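The values are calculated or read from the model by the stated rules, or taken from the named source; none is laboratory data. Since we're looking at a predicted model, the values are computed, not measured. Cβ placement follows ideal geometry from the backbone for every residue including glycine, while neighbour counts extend to all protein chains displayed.
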C-alpha cells in the first residue's frame, strides 16, 4: 500500500522546492493537506504525480487540480496572510481551498458544476464555504477579496473577478491561448490593475473565460 505521507513529503521536496516554491508556510501547508483525499475515487495512487488531475467535466467544461509544482507557485504568488479573504474559482474537489485554509485564509470556494460543489462540500467539511454559481461572475456578495485563485486557464482578462479584489489584492491565473499560456499575477491599485507573467503553464481552458470567436472573411 502506498505511503501517502511519504509521497506527500516527496512532493514537497522534489516538486515544490525544486520549482522555486520557497515560502515555508506554503510548503508546510502542502505537506499538511492529504491530496489523495481530493481526487476521484480509485485515483488516490495518482494523487502525487507531477501532472494535473482530471476531476470531471460537463459539456466539455473540464475541471482539474493543477500539478503540485504549478499550484504551489500560484498560491505562493498570492502572498496570503492569516485572515486573508480568498475566492477559489473552479474549486473542483476543493484541494487548493484546503491548502489556502491551512495558511490561515478564509476561503470561499466557487464552482458551477453541481456534482463538484457537492464533492468539495464533503471534503472541506466546513473548513471553507463552498458556493455554486457562474465562474465568470465570481462571488461579489462574499467580497471584496484579498486574493483570488483561478484553477484553470482563462483566455480573456477576468475583469468581473478583478473588480472584486480589495486595493492591493492579487489574482493569479493561467492566462492565454492553449499554447503560450502563462501563470499571471494581477495586482489592484485603486481602479487600476497591473499584471506580470510568472512562468509558462498549461491547463484546460475554462469555458466561462473563453475568448469570443472571431470571424474570417
**OP:** Kindly list the number of the only condition in (1) touching a helix residue (DSSP H, G or I) at 6+ places or on another chain (Cβ under 7 Å); (2) at negative phi; (3) surrounded by fewer than 24 Cβ atoms within 10 Å (Cβ to Cβ) that fails for residue 97.
**Re:** (3)
Original post:
Does the range 166-177 include one or more residues that are more than 25 Å from residue 105 (Cα to Cα) and touching a helix residue (DSSP H, G or I) at 6+ places or on another chain (Cβ under 7 Å)?
Top reply: no
Subject >> Candidate set: the range 166-179, residues that are touching a residue at least 24 places away in the same chain (Cβ under 8 Å) and within 17 Å of the chain's Cα centre (by Cα); chosen: the one farthest from residue 74 (Cα to Cα) >> reply: 169
**OP:** State the number of residues belonging to the range 122-156 that are free of Cβ contacts under 8 Å to residues at least 24 places away in the same chain and farther than 16 Å from residue 102 by Cβ.
**Re:** 6
Subject >> Selected residue (only one of 193, 209, 199 is touching a helix residue (DSSP H, G or I) at 6+ places or on another chain (Cβ under 6 Å) and at pLDDT 95 or above) >> reply: 193
Original post:
Out of all the residues in the range 48-67, is one or more in a helix (DSSP H, G or I) and modelled with pLDDT of 95 or more?
Top reply: no
Subject >> Only listed residue being crowded, with 17+ Cβ neighbours inside 10 Å, within 17 Å of residue 65 (Cβ to Cβ) and in contact (Cβ under 8 Å) with a residue 12 or more places away in the chain, chosen from 108, 113 >> reply: 113
Subject >> Options 64, 89, 33, 70: the member that is surrounded by 17 or more Cβ atoms within 10 Å (Cβ to Cβ), out of contact with any helix residue (DSSP H, G or I) (no Cβ under 9 Å at 6 or more places or on another chain), under 27 Å from residue 113 (Cβ atoms) and touching a residue at least 24 places away in the same chain (Cβ under 8 Å) >> reply: 64
Original post:
Which ones in the range 92-150 are under 21 Å from residue 203 (Cα atoms), within 15 Å of the chain's Cα centre (by Cα) and in a helix (DSSP H, G or I)?
Top reply: 95, 96, 97, 98, 99, 100, 116, 117, 120, 135, 136
